[in-house]
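The next block holds one structure in the form of structure tokens; read it before the comments.
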Number of protein chains: 2
Amino acid sequence: MRISKLSERAGLPVGTVKFYLRSGLLHAGRATSATQALYDETHLKRLRLIRALLEVGRLSLSDIHEILDAMDLPDVDTESRVTRVRAAIAASSGVSDSIDVTAAQDLLADLGWHVAATSPHLPALARALWAAESVGLEIDPDHFSAYAEAAALAAHSDRTAISETSAENLPTTVAATTVLLDQVLIALHRLAMENDPVDSRGVPRGARHLPGPRQPAASA
Amino acid sequence: MRISKLSERAGLPVGTVKFYLRSGLLHAGRATSATQALYDETHLKRLRLIRALLEVGRLSLSDIHEILDAMDLPDVDTESRVTRVRAAIAASSGVSDSIDVTAAQDLLADLGWHVAATSPHLPALARALWAAESVGLEIDPDHFSAYAEAAALAAHSDRTAISETSAENLPTTVAATTVLLDQVLIALHRLAMENDPVDSRGVPRGARHLPGPRQPAASA
């Protein structure tokens, strides 16, 4: 297809598609003349991923570039590509390695979780816990373990989805699962705060205490 | 305390603190001369919240300004302030109201959730679901309901924390709970993907199927 058709199907202005081509985010089309090229479904798929990571994942173009480069690594197996995609996503969270992760590691060890000490997500967890504490938000062990259980539940379900993915699509699925489903989880988390707990099927098995007082409605 | 001490305790350069004062993010200190002022714990607390929302929540300064303004609304009760804080946080996600939320509403209705049609988080959910679908990531009903259960579990635990908060601190706690704990949840979600499901206590009650194949380790 021509660039105009590609642009229309991706829901992006032609100028944006040209910018992605120039900056190397999008692979070149098949040249048919000095000024024209044809594009195929791989271009459309790539544009949709860029748009999703940008608009929903709120990643920067340079972070997206790193993730796409990891997906496209030549001469490596799928597992290595997936590992690099995960590392690029972790790096996009902008957390410095210099954060002390000991307390976060201890909390996970108490839950019986086995996570490599070098996991790029440990500094992210340490920083988020530190930030909550710095504004006076105490996260007690019950609260933390409810979060861990929630995360494990979501991750378990992701694994099923990922296990059904072909090797070819795996790097894309991992990037999409990690970045986009986080946004699904956040939106549901906020909606769950608005959901009347009494009537919902959403009351979790961790609900050993009575539900807290009903929250003020966020909208009428 | 002097501005130098305030800056040191908040872990921010003096220039940054002055910028926050000039831009109205931080309330003025008590002037002691034409060029000097004294600051107290309320200034420190505010700086820590700004820093946490900025560095961990990754919000823009203008979004943070909106949230702080909602927290500081004069002559309104706590409930109204909390409602405005939630609305400001929702607005910070930058989702347009023009998104069709019908499908997202139907999914929640199927779960028995009661959420106002005007909830600002419905467009965020609709957009995230659309983005996942646009890159070919099918979210089947089991996957969605596992996420909803995870979100309900986290929200239930948040309610307990919020119910123990004094009215005075409530707007801050709501802002911190929403923005910062989302980051805790995301970090845990990613760590849970790296956690070996076989050995973990994190295998959720939703685990009616066998765990999927073990994921490639993200780090050695």
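Solvent-accessible area of the range B:1-55 (1.4 angstrom probe, protein heavy atoms only): carbon and sulfur portion equals 53 percent. With a cut-off of 8 Å between alpha carbons and a minimum separation of six or more residues, what is the relative contact order of chain B in percent? The normalised contact order for chain B reaches 16 percent. Rounded to the nearest 20 debye, the dipole magnitude of the protein assembly as shown is 1140 debye, with +1 charges on Lys and Arg beta carbons, -1 on Asp and Glu beta carbons, and the Cα centre as origin. Normalised by residue count, the range B:1-55 yields a Cα convex hull volume of 71 Å³ per residue. Summarising the amide proton neighbourhood of B:LEU38: residues at separation of 5 or more, or on other chains, whose placed amide H is nearer than 5 Å comprise B:ARG30, B:ALA31, B:THR32. Dimensions of the protein assembly as shown based on its C-alpha atoms, expressed as ranges along the principal axes with the largest first, amount to 73, 53, 45 Å.
Using r as the Cβ-Cβ distance of A:SER80 and B:ALA103, and R0 as 51 Å, what FRET efficiency do you calculate, to the nearest 0.05? Once rounded, the FRET efficiency stands at 0.90. Normalised by the number of residues in the range B:1-55, the mean separation of alpha-carbon contacts (under 8 Å, six or more apart) gives a relative contact order of 38 percent. Who wins for biggest fluctuation among B:VAL14, B:VAL135, B:VAL76 in a Gaussian network model of chain B, springs between alpha carbons below 10 Å? Highest fluctuation of the listed residues: B:VAL135.
Count the net charge of all other residues whose Cβ sits under 10 Å from the Cβ of B:ALA155, scoring Lys and Arg as +1 and Asp and Glu as -1. Around B:ALA155, the surrounding residues sum to 0. Mean projected area of the Cα convex hull of the range A:103-152, taken over all directions, amounts to 3.4 nm². Rolling a 1.4 Å probe over the protein heavy atoms gives the range B:21-83 an accessible area of 54 Å² per residue.
Where in the range B:73-112 does the label zone of B:THR118 land, with the point 7 angstrom along Cα→C-beta and an amide N cut-off under 13 Å? Hits in the range B:73-112 for B:THR118 at 13 Å: B:84, B:87.
Note on B:ALA28/B:LEU61: beta-carbon distance plugged into 1/(1 + (r/R0)^6) with R0 of 22 Å gives a FRET efficiency of 0.75. Against the empirical 2.2 N^0.38 Å (N residues), the range B:98-194 has a Cα radius of gyration ratio of 1.21. Determine the gain in length on full extension of the stretch A:ALA91-A:THR16; use 0.36 nm per residue of separation and subtract their C-alpha separation, reporting nm with one decimal. Answer, rounded to one decimal: 24.5 nm. Of the residues B:THR83, B:THR178, B:LEU49, the one whose Cα sits farthest toward the positive end of the charge dipole of chain B, with +1 on the Cβ of Lys and Arg and -1 on the Cβ of Asp and Glu, is B:LEU49. Here A:LYS18 is the anchor, and the lysines within straight C-alpha reach of less than 20 Å, apart from those fewer than 8 places off in the same chain, are A:LYS5, A:LYS45. For chain A, the equivalent ellipsoid built from the Cα gyration tensor has semi-axes of 39, 22, 16 Å, listed from largest to smallest. Here the spin labels are modelled as points 7 Å beyond Cα on the Cα-Cβ line, and at A:GLU8 and A:ASP142 they lie 5.9 nm apart.
The values are calculated or read from the model by the stated rules, or taken from the named source; none is laboratory data. All figures in this text were calculated on a predicted structure; none of them were measured in a lab. Here the Cβ is made from the backbone with ideal geometry for all residues, glycine too, and neighbour counts use every protein chain on show. Accessible surface is based on the protein model in full, side chains and every heavy atom, while ligands, DNA and RNA are left aside. Shrake-Rupley method; radii C 1.70, N 1.55, O 1.52, S 1.80 Å.
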